[in-house]
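The values are calculated or read from the model by the stated rules, or taken from the named source; none is laboratory data. Small disclaimer: the values here were computed from a predicted structure and weren't measured. We place every Cβ from the backbone using ideal geometry, glycine too, and count neighbours over all the protein chains shown. Calculation scope for accessible area: heavy atoms of the full protein, side chains included, ligands and nucleic acids excluded. Shrake-Rupley method; radii C 1.70, N 1.55, O 1.52, S 1.80 Å.
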Amino acid sequence: MASPASPPPSLRFGQVVIGPPGSGKTTYCLGMQEFMGQLGRKVVVVNMDPANDGLPYKCAVDVSELVTLDDVMDSLKLGPNGGLLYCMEYLEANLDWLENKLNQYSDYYFLFDCPGQVELYTHQSSLKNIFSQLSKWNFRLASVHLVDSHYCADPAKFISVLCTSLASMLHVELPHVNVLSKMDLIEQYGKLAFNLDFYTEVMDLHYLLDHLASDPFFKKFHQLNLKLAEVVEDYGLVSFVPLNVQDKQSMTSVLRTVDKANGYCFGDLEERNLQAMMSAAVGADFQFDSALGVQERYVKTREATVEEEMMDL
């Protein structure tokens with residue numbers, strides 16, 4: 001007589017934290033772990049970066065127990081980039097190790113702190129396959145893509161960030177939330193040309209191209225930049241949520257957005273809030289007021305004289 005099939009694992013929710021190096025992924029995981037802990041959620045952090053030593057948070061699962069970047073570079077004579085790609089392929093080949101580790105935490109919320117190599121999220125398939133397998137293990141995940149907010153002050157870099165964000169959204173194939181991190185440093189390298197909501201909602205990029213055209217270096221690439229902007233606008237997928245990890249209101253806004261993306265706000269792990277559910281269903285939770293409040297806190301306003309306004313016109 002055949003043994004009865006084992007019941008499927010319980011539903012588990014989490015965030016896959018991705019983004020370029022230095023964008024604040026580890027700091028985000030630390031801050032979000034503490035913030036959700038104050039809300040009463042049981043949270044574990046999974047370190048998916050074999051090169052991330054000296055972790056500031058308590059790590060439940062650490063991929064460095066399976067493979068480390070230094071060992072791969074020494075044994076296979078690879079550089080940092082090639083070594084990290086090999087580590088992710090090695091983890092993909094040993095998913096049973098990861099499954100056994102994760103099964104020790106059946107009733108927790110998961111934060112996956114991922115490596116900062118951009119090609120892992122734009123065209124290399126190892127992490128994508130790992131995320132797909134996590135979904136088969138009954139994980140409901142949303143990818144949280146962090147980028148430095150000060151890129152908004154440079155039109156060329158902001159267009160590059162838009163292209164990277166769009167490529168990651170299409171490649172990873174998870175519900176996706178783009179986050180402008182380090183909002184307290186947004187004007188560290190220059191002033192914003194437009195209000196903050198222009199960047200968070202990714203409005204008409206042709207206005208941004210006009211600023212690029214004023215630079216002699218970028219003027220000769222005007223047609224290329226125009227086509228890149230059209231690609232981003234034609235998809236109409238990219239938008240951003242501003243974040244300062246030290247700001248409780250900012251963390252609340254990001255968490256609410258992620259909870260809608262991975263479906264946590266519709267689950268039964270906490271008492272459901274009918275107003276929040278209806279807001280998510282009908283899209284009534286507008287971001288404009290949120291962006292306006294963030295701008296008032298972090299973007300310095302400059303009073304322009306009548307003569308300066310006439311010169312701008």
Subject >> 20 Å Cα-Cα reach of LYS227 towards lysines, excluding residues that sit fewer than 8 places from it in its own chain >> reply: LYS157, LYS219
**OP:** Express the relative contact order of the stretch 65-135 as a whole percentage, based on alpha carbon pairs under 8 Å and six or more residues apart in sequence.
**Re:** 29
Original post:
Using a 1.4 angstrom probe with every protein chain in place, what is the largest-first accessible-area order of THR252, THR257?
Top reply: THR252, THR257
Original post:
For the residue pair GLN133 and ALA167, what label-to-label distance in nm results when each label sits 7 Å from Cα along the Cα-to-beta-carbon direction?
Top reply: 2.5
Original post:
Pulled fully out, how much extra length does the chain show between LYS157 and LEU11, if you take 0.36 nm times their separation in residues and subtract their Cα-Cα distance?
Top reply: 48.7 nm
**OP:** Compute the FRET efficiency between VAL231 and PHE194 as 1/(1 + (r/R0)^6), taking r as their Cβ-Cβ distance and R0 = 30 Å, and round to the nearest 0.05.
**Re:** 0.90
Original post:
Between SER106 and MET203, what is the spin-label point distance in nm, taking each point 7 Å from the Cα along the Cα→C-beta axis?
Top reply: 5.2
Original post:
How much length, in nm to one decimal, is gained on full extension between ASP210 and GLU99, taken as 0.36 nm per residue of separation minus their Cα-Cα distance?
Top reply: 34.9 nm
Subject >> √(5λ) per eigenvalue of the Cα gyration tensor, the stretch 211-269, largest first, Å >> reply: 38, 17, 5
Original post:
Applying 1/(1 + (r/R0)^6) with R0 = 30 Å to the Cβ-Cβ distance of ASP74 and GLU119, what FRET efficiency is obtained, to the nearest 0.05?
Top reply: 0.85
Original post:
If you bin the C-alpha pair distances of the stretch 155-239 every 5 Å from 0, what whole percents do you get?
Top reply: 3, 13, 25, 24, 19, 12, 4, 1
**OP:** For a quick protection proxy, order the peptides 76-89, 192-205 by their average other-Cβ count within 10 Å, most packed first.
**Re:** 192-205, 76-89
Original post:
In nanometres, what is the gap between the two model label sites at GLN246 and TYR90, each 7 Å from Cα along Cα-to-Cβ?
Top reply: 3.8
**OP:** Find the centroid of the Cα atoms in the stretch 121-199 and in the stretch 202-244, then give the distance between the two in whole Å.
**Re:** 16
Original post:
Would you list MET73, MET183 from the most to the least accessible area, probe 1.4 Å?
Top reply: MET73, MET183
